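Notes to accompany the following structure.
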Amino acid sequence: MQQPGVDYEKVFQSLPGAVALLTPDLVYADANEAFLQASGRTREQVIGRYLFDVFPDNPNDPAATGMRNLHASLQRVAATGERDAMALQRYDVEDPERPGTWEERYWSPVNAPVFGADGRVELLLHRVEEVTELIRARGGRGAGDGADSGAGSNGGDRSRVLQAELYTRGRDLQEVNERLRRAYAREREVALTLQDAMLPAVRVLGHHRTAVRYRPAVGALNVCGDWYELAELPGDRIAVAVGDVVGHGLPAAAVMGQLRSALSAAVRAAEGPAAALDALGLYARDVDGAESTTAVQVVIDCVRHTLRYSSAGHPPPAL
């Protein structure tokens, strides 16, 4: 909540750190003086322009990863609404007064979301701290320092080694994190495909419309043991079932698939919801992992305007 009398624009411009605001499309919305000074750009060269038009990769460095890594980080923040701290990153900057001349620069970036009134990510806050001098490690003394110059040089050498190792380890960590993110994305895609295959598609039942909202458990595999089923029965009746297998992930999903199919068959053959659940209970005795499953079976008679249901440990289906 904003405090009356506080000029937040002035506060933003006075921040000691280099901070810029980007739209989710990665266009500069604002930048404070520290950011403009660190990047060597004027406000007119930055505001309203696409990030990577202002700061592209060094074309003379075929191994440059700055643009790719920064783009991936900002996209993650926009998609997840979570803060992302990047590893130390080499990102060369073109000298605006000498086009074609690139300066080797190192940065420590942090990206964070700025939420709007509707709770969605409205802006991306990009804060950078330049660590070029740290990486260059100008720690040795000059030869004119006499007898102490040797010790100073050794100390500078050790400093350069430690700082270079810090940079290398940070870069390696970022690469490992990127591989983990790609692996997670593949797992999630497989899980969602499996979930779509195991759950029925929302469809029109006779002349009745149906609507379903299914929210699976979160996690590396976005599937769980919850299920629902819709079936059309003779006499303008609709069978609706909801169940929950204990556990998450692929084992619970496999049990869910078996029980869902069994109950779908039972409700078509049994006399009423209670008899269908009794048949499911007998079947579940021979299914490993089906212990403590809960389910509710409902039959809606659209002619008589009645609803019959039976519950096996599940919350009531209607209020």
Checklist outcome for this item: Rounded to one decimal in nm, the spacing of the 7 Å Cα→Cβ label points at Arg182 and Ala85 is 2.6
Next on the checklist: Given points 7 Å out from each Cα along the Cα-Cβ axis, report the Asn60 to Ser292 separation in nanometres with one decimal.
Outcome noted: 6.6
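Per the Kirkwood treatment, what hydrodynamic radius in Å, one decimal, follows for region 259-319 from the mean inverse distance over all distinct Cα pairs?
Details: mean 1/r = 0.0826 Å⁻¹.
Final number for the Kirkwood radius of region 259-319 is 12.1 Å.
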Item to check | Residues in region 4-26 that a label on Val114 would reach, taking backbone N under 14 Å of a point 7 Å out along Cα→Cβ | outcome: 8-15, 18-26
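So, for region 227-279, what is the accessible surface per residue at a probe of 1.4 Å, expressed in square angstrom? Mind showing how you got there, number by number?
On the way: 2230 Å² over 53 residues.
For region 227-279, the per-residue accessible area is 42 Å².
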Checklist outcome for this item: Here FRET efficiency (C-beta to C-beta, Arg308 to Arg285, R₀ 22 Å, nearest 0.05) is 0.30
Item to check | For Asp288, solvent-accessible area (1.4 Å; no DNA, RNA or ligand), Å² | outcome: 130
Checklist entry - Accessible area per residue of region 8-64 at 1.4 Å probe, in Å²? => result 52
Item to check | Ala72-Tyr8 FRET efficiency (beta carbon distance; Förster radius 22 Å; 0.05 resolution) | outcome: 0.15
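Compute the projected area of the convex hull of the Cα atoms of region 1-117, averaged over all viewing directions, and report it in nm² to one decimal place.
Numbers: hull surface 33.0 nm².
Value for region 1-117: 8.3 nm².
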Next on the checklist: Please compute, for the alpha-carbon atoms of region 89-137, the extent along each of the three principal axes and give them in descending order in Å.
Outcome noted: 44, 27, 12
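The values are calculated or read from the model by the stated rules, or taken from the named source; none is laboratory data. Because the structure is predicted, anything quoted here is derived from the model rather than measured. Cβ coordinates were reconstructed from backbone atoms using ideal geometry, including for glycine residues, and neighbour counts include every protein chain displayed. Side chains included, ligands, DNA and RNA excluded: accessible areas come from the protein's heavy atoms. Shrake-Rupley method; radii C 1.70, N 1.55, O 1.52, S 1.80 Å.
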